[in-house]
1. Provide the gained length on full extension for the span A127 to S102, in nm with one decimal, where the gain is 0.36 nm per separating residue minus the Cα-Cα distance.
2. Can you send over the carbon and sulfur percentage of the accessible area for the chain, probe radius 1.4 Å, protein chains only?
3. Picking from W84, G130, G237, whose Cα lies most toward the positive end of the charge dipole for the chain (charges on Cβ: Lys, Arg +1; Asp, Glu -1)?
4. In the Gaussian network model of the chain, springs joining C-alpha atoms below 10 Å, which of T247, T210, T86 carries the largest mean-square fluctuation?
5. Residue farthest toward the positive end of the dipole of the chain, with Cβ of Lys/Arg at +1 and Asp/Glu at -1: which of A158, L24, L55?
6. Quick one: among D125, D44, D108, which has the greatest mean-square fluctuation in a GNM of the chain with alpha-carbon springs under 10 angstrom?
7. Of the DSSP beta bridges with both residues in region 77-189, give the percent that are antiparallel, rounding to the nearest 5.
8. Measuring from label point to label point, each 7 Å out along Cα→Cβ, what is the H184 to E82 span in nm?
Amino acid sequence: MAIYPVKGLRGIALDHAEVERCGLAQDRRWAVVRPGGVVWTQRDLPGMARIGVQLEGAGLRLEAPGQGGVGAAATGEAAVVEVWRTRVPAVAASPEASAWLSRVLGTDCTLVYMADPAARAVTPDLARPGDVVSLADGFPLLVTTTASLAALNAELGAPVPMTRFRPNLVVDGAEAWDEDGWAHLEAGGVRLRLTSACARCKVTTIDQVTGEPTPRLEPLRTLGRIRRGAAGDISFGWNAVPETLGTVAVGASLTALHR
């Protein structure tokens, strides 16, 4: 289980988390934006993967190898984030944090915070009334399975870790690609609706420790051979939307309800 407090930066592994309407608590509520407010991601700046994040009260601490670190807090100054052609109100972070990120990433950028987690709707063609998402690409949660990763790695010359796919929840004990048939997952009082296979991009080819692309564009090239849908999308994992809220924990028993 993991959250990614700043979209595109390194994640934080957790042993339990609160499921909110927009996803796991504190997941992708911050973003690094270029002038004009468009979000930077690892598609644009692979080196974002090298920046670690820690939660500190209502703010963050960012660190990078050889670059020290900086604290970050929302200042209250209004900002706007554009993510996948949707514009969302946000709040700028302290100027020191933005200056540090600009230096580390080598480009002008600003750190911003999404103060209202209900301000952005889920991708319309797959949403229901009340479905909202943070600054994630399109959906509140991403679910993967260890068996599907093992099946993919069996096709690769060099295996990749699950971190390449930046999931929130990782399911153990299923068969490879079982998730393609799941309609819902339930754990305790939490119920998730699986909406769509997650289309993958070149972020999967970026080493999440070094920030360097993998030679031969793996695992995306192999996924293109074994996981290409009718519309041409390459997929791994499933997007999900919470239907009921509560706490999820590592080791919890899951029930999968099939389509």
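The values are calculated or read from the model by the stated rules, or taken from the named source; none is laboratory data. Computed from a predicted model, the values in this text were never measured in an experiment. Counting neighbours? That spans all protein chains shown, and the Cβs are built from the backbone with ideal geometry, glycine included. Side chains included, ligands, DNA and RNA excluded: accessible areas come from the protein's heavy atoms. Shrake-Rupley method; radii C 1.70, N 1.55, O 1.52, S 1.80 Å.
1. Additional length available on full extension: 5.5 nm.
2. Of the solvent-accessible surface of the chain, carbon and sulfur hold 54 percent.
3. Farthest towards the positive end: W84.
4. T86
5. Of the options given, the answer is A158.
6. Most flexible of the set in this elastic network: D125.
7. The antiparallel fraction comes to roughly 75 percent.
8. Going by the 7 Å Cα→Cβ label model, 3.9 nm.
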